[in-house]
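Report on the structure given below.
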Amino acid sequence: MVEKPSEGFRVFDQGNLQKVLVIGIGNEYRSDDGVGLVVAREIHKKLVPSVTVKEESGEGAALMDLWQGYQNVIIVDAVSSGAKPGTIFKIDANIEMIPAKFFHYSTHAFSLTEAIELARTMNTLPPKLLVYGIEGANFSAGVDISPPVKEAANQVIEQIVGEFEVVCR
């Protein structure tokens, strides 16, 4: 598991409610590719009302439209980097580039990586954009998430929910 320290997402900043968006990306009919959707659905059940949770297929232009107007965005998607299945990558997209190899299996010509880099070039990234990538094992047709990916999804859910519980107490 690769984990980097996070500055956290401030749902309340100097007394003002901040807009927060969690996006789960994936295709639930391609096995581990659906892990972002699984995470989004679980977070939707657990988070505070000031957090918006959306599910997306991963098409870049749609993502750029979706995150407009949000101060804090968290994106969760499956990755295919060659790491051990279930490895968690946590990337602060405001200061780090997303490795292109993570999303090379995407069926979209304009995917998450390209959307982030275009938004960076256009100076339209959200002020805080955090990407969780969960290394998948199986991207073939099917609806089952493999055990190491399911375990990683639960860890990511705990981390994301923890980000908000700290600031909302």
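Ranked highest first by average number of other Cβ atoms within 10 Å, how do 157-163, 93-99 line up?
Answer by packing, highest mean first, reads 157-163, 93-99.
First obtain the Kirkwood hydrodynamic radius of the range 16-168 from its Cα pairs, then insert it into the Stokes-Einstein equation at 10 °C and 1.306 mPa s, and state the resulting D in µm² per second as a whole number. Before the final figure, lay out the partial values.
Numbers: Rh = 15.2 Å.
Here the translational diffusion coefficient equals 104 µm²/s.
Identify the residues of the range 23-38 with backbone N under 19 Å of a label point that sits 7 angstrom from the Cα of residue 138 along the Cα-to-Cβ direction, or state none.
26-38
Using the Cα centre as the reference, give the magnitude of the dipole from point charges on the C-beta atoms of the range 16-168 (Lys, Arg: +1; Asp, Glu: -1; all else neutral), rounded to the nearest 20 debye.
Here the size comes out at about 200 debye.
Below 27 Å, Cα to Cα, which lysines can residue 128 reach? Residues fewer than 8 away in the same chain don't count.
Residue 128 reaches 4, 19, 45, 46, 54, 90, 101, 150.
Picking from 35, 49, 75, whose Cα lies most toward the positive end of the charge dipole for the range 16-168 (charges on Cβ: Lys, Arg +1; Asp, Glu -1)?
Sorting the options by dipole projection puts first 49.
No lab work stands behind these numbers, since they all come straight from the coordinates. Since we're looking at a predicted model, the values are computed, not measured. We place every Cβ from the backbone using ideal geometry, glycine too, and count neighbours over all the protein chains shown.
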